[in-house]
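This report refers to the structure that appears directly beneath it.
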There are 2 protein chains.
Amino acid sequence: MIEKPSPNEKVAVGLIHHPMLNKTGNIVTTSVTTLDVHDMARLSLTYGILSIYIVTPLKTQQRLIARMTRHWTEGHGGEHNPHRKRALAHVKVVDTIDDMIDNFSLGKQGVTLVSTGAKSDGNCVSYAKARQLLDSAGRSIVMFGTGHGMAPEAMEKADIRLAPIEGAGDFNHLPVRCAAAIIIDRLFGRE
Amino acid sequence: MIEKPSPNEKVAVGLIHHPMLNKTGNIVTTSVTTLDVHDMARLSLTYGILSIYIVTPLKTQQRLIARMTRHWTEGHGGEHNPHRKRALAHVKVVDTIDDMIDNFSLGKQGVTLVSTGAKSDGNCVSYAKARQLLDSAGRSIVMFGTGHGMAPEAMEKADIRLAPIEGAGDFNHLPVRCAAAIIIDRLFGRE
C-alpha cells in the first residue's frame, strides 16, 4: 500500500523505558507493554507521523518487540490485519534516547526534543506555544514516559517540556496510550 | 478517599459490545478487553466523569468484568494501587444500551445520547457544535464502539452523531482507548 505524503514526516514519537522512575523514585528500566507498541504505532500513523521509536536498552525486551512486530509485518498477523502491518512497519527499536535522536536527525540537523509528563514545573510550555514552536522547528521528537515518569536526566535533555494534561478534579493517572493520544491530537490534530 | 465535586457528573461514557458490526458487516457481540475497562475508567475519572458503563449482554463476560474490578476494588489490587481502585469503583455493567440509558436517567429525565465512530455520514456534528449542545443539555452519555463499529440500530438511537477523528493521511484505525481519549479531551478538556 502506497501511503499519502505525510504532513508530519518531520515529527517522531518516542516511547521511553529507560531511564524511568519507579514508585519509590529509583531509576529503572520499565518493561515493554506490547499493546502500547501497537497503540503508539496506530496513533502516530493516524496523524501522519511515520517514525515511532521504542527506547529500551534490554536486549531481551528488544527481541520481544522484534518478534511481535515480525508477526504482523511478515507473519500471519499481516494477512489477517493489513492495517496493523502497515502501522507496525514504522516501529524502530533503539537502546537510548541519544540513539533515537541520532537516528532521527540523520546525522545532519538538530532535533527539538519534547518531554511530556503528569507533573508540572515552572518551565512547562502550553500546547498553544508548543504548536507554534514545533511549527517553526525542523525535526522534532515527542517523548512519552512509562512507569512513574521520566528520570530527571531524561527530562533535562528536552528542549520543550509540555504542560501536563489537566482534567477536572484531582485524578491524574492516565495510561500512557491515552495521554499520548490526547497530546498528539492537541499538537497535530484538527477538529 | 473523598473526591472533589465533579464538573462532569451529568456525563457518562459507555463502552458498547452489542450490537456491533464484525469485519464482514454482521451484527455480533464483541469480547470485552479488560484493559479497555481500566482505560475507560482512568480516562473518565481524569475528566471528572464518574459514570462508566460497560454494555454487554453476555453473562460470562459480565462475570469476567465483575471479577476483574473486584480484584482492584476489594482485593489485593487496591492495596497495591489505590488509584486503580478509585477509578474502577465507578464501573457499572449493563445488558443493553437501553438499560444504560434507564440507569443514568434515574427514571426521571431525558438523556442526550452521543454516538462516535470512525466513519462519517451527512448527519455528523462538529466538536464545537457538540460542546455547545452538551453544555446546554441535561444528562448525556457518550458511546464508544468496539469491533468494527456500532450496528445501525445502535447508531440510530443517538441524538448526536459526532464527526470522526480526522488525522493526517488515510490511516483511520485508532484503538478505542485512544479514540475515546481524544474525543473526551475534545469535548470536556481544556488546554
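Which whole-Hz ³J(HN,Hα) couplings does the stretch A:176-191 yield from phi under the Karplus relation 6.51 cos²θ - 1.76 cosθ + 1.60, θ = phi - 60°, glycine and proline marked x?
Along the stretch A:176-191, the couplings run 4, 5, 7, 4, 4, 4, 5, 5, 4, 5, 5, 7, 10, x, 9, 6 Hz.
Can you list the copy-to-copy distances for residue A:58, using a point 7 angstrom from Cα toward Cβ, in nanometres, shortest first?
So the label point of residue A:58 gives 3.2 nm to the other copies.
Take the alpha carbon gyration tensor of the stretch A:134-191, find the square roots of its eigenvalues, order them as a ≥ b ≥ c, and report rounded if a/c is under 1.5; if not, report prolate when a/b exceeds b/c, else oblate. Don't jump to the answer; show the numbers that get you there.
Values: a/c = 2.02, a/b = 1.13, b/c = 1.79.
Oblate, since a/c reaches 1.5 and b/c is not below a/b.
Ordered shortest first, which distances in nm separate the 7 Å Cα→C-beta label point of residue B:129 from those of the other copies?
From this label point to the equivalent ones elsewhere in the assembly: 3.6 nm.
Ignore the peptide's own chain and count Cβ atoms of other chains within 10 Å of each Cβ in B:176-189; give me the average, rounded. Don't jump to the answer; show the numbers that get you there.
Numbers: counts 0, 7, 13, 5, 2, 13, 10, 3, 4, 10, 5, 0, 2, 7.
Whole-number average of other-chain Cβ neighbours for B:176-189 is 6.
If you filter the stretch B:1-82 for trypsin sites (Lys or Arg not before Pro), then keep DSSP loop positions with at most 14 other Cβ within 10 Å, what is left?
Values: sites: B:10, B:23, B:42, B:59, B:63, B:67, B:70; in loops: B:10, B:23.
Loop-located and lightly packed - B:23.
Need one value for B:32-45: mean number of C-beta atoms belonging to other chains within 10 Å of its residues' C-beta atoms. Provide the component values of the computation, followed by the final result.
Values: counts 0, 1, 0, 4, 0, 0, 1, 5, 1, 1, 7, 10, 2, 8.
The shielding value for this peptide is 3.
Holding the Cα-Cα limit at 27 Å, pick out from A:129/A:157; A:129/B:129; A:23/A:108; A:10/A:129 the pairs that are longer than that. Provide the component values of the computation, followed by the final result.
On the way: A:129/A:157 19 Å; A:129/B:129 25 Å; A:23/A:108 38 Å; A:10/A:129 18 Å.
Checking Cα-Cα distances, A:23/A:108 exceed 27 Å.
Mind running the shape call on the stretch B:1-108? Use the C-alpha gyration tensor, a ≥ b ≥ c as the square roots of the eigenvalues: rounded below 1.5 for a/c, prolate if a/b tops b/c, oblate otherwise.
Details: a/c = 2.03, a/b = 1.33, b/c = 1.53.
Since a/c reaches 1.5 but b/c is at least a/b, the shape of the stretch B:1-108 is classed as oblate.
Under 1.5 on a/c is rounded, so check that first for the stretch A:48-191, then, if it is not, pick prolate when a/b is larger than b/c and oblate when it is not; a ≥ b ≥ c are the square roots of the alpha carbon gyration tensor eigenvalues. Walk me through the numbers on the way to the answer.
Values: a/c = 1.62, a/b = 1.46, b/c = 1.11.
Because a/c hits 1.5 or more and a/b exceeds b/c, the stretch A:48-191 counts as prolate.
Where does each of B:64, B:113 land when they are ranked from fewest to most other beta-carbon atoms within 10 angstrom?
Placing the least packed residue first, the sequence is B:64, B:113.
Enumerate the calculated ³J(HN,Hα) couplings along the stretch B:100-117 in order (Karplus 6.51 cos²θ - 1.76 cosθ + 1.60, θ = phi - 60°), each rounded to whole Hz, writing x wherever the residue is Gly or Pro.
4, 4, 4, 5, 7, 7, 6, x, 10, 10, x, 10, 7, 9, 10, 9, 10, x
What percent do you get for the relative contact order of chain B when only Cα pairs under 8 Å and 6+ apart count?
Values: 314 pairs, mean separation 54.3, N = 191.
Once normalised by length, the contact order is 28 percent.
Scan chain A for the residue whose Cβ is closest to the axis carrying it onto chain B, then write down that distance in whole angstrom.
Value returned for chain A: A:181, 2.
Suppose you put the label 7 Å out from Cα in the Cβ direction; list, shortest first and in nm with one decimal, how far residue A:31 is from each other copy's label.
2.0
Taking θ = phi - 60°, what integer Hz values does the Karplus form 6.51 cos²θ - 1.76 cosθ + 1.60 yield along the stretch B:165-172, in sequence order, with x for Gly and Pro?
6, 9, x, 10, x, 10, 8, 9
For residue B:158, enumerate residues with amide H under 5 Å from its amide H, sequence gap 5+ or separate chain, H modeled in the peptide plane.
none
Mean-square fluctuation check for chain B, GNM, Cα pairs under 10 Å: which of B:41, B:179, B:168 is largest?
Of B:41, B:179, B:168, the Gaussian network model singles out B:168 as fluctuating most.
For residue A:156 and residue A:109, calculate 0.36 nm times their separation in residues minus their Cα-Cα distance, and state this gained length in nm to one decimal. The partial results should precede the final answer.
Values: separation 47, 0.36 × 47 = 16.92 nm, distance 1.99 nm.
The residue A:156-residue A:109 span can extend by a further 14.9 nm.
Quick one: which residues, 5 or more positions from residue B:139 or on another chain, have an amide H under 5 Å from its amide H? H modelled 1.01 Å from N in the peptide plane, none for Pro or chain starts.
Residues meeting the criterion, in which the H sits 1.01 Å from N, are B:112.
Rule-based calculations on the coordinates, nothing more; no lab input. Because the structure is predicted, anything quoted here is derived from the model rather than measured. So basically every Cβ, Gly included, is an ideal-geometry build from the backbone, and we count neighbours across all protein chains shown.
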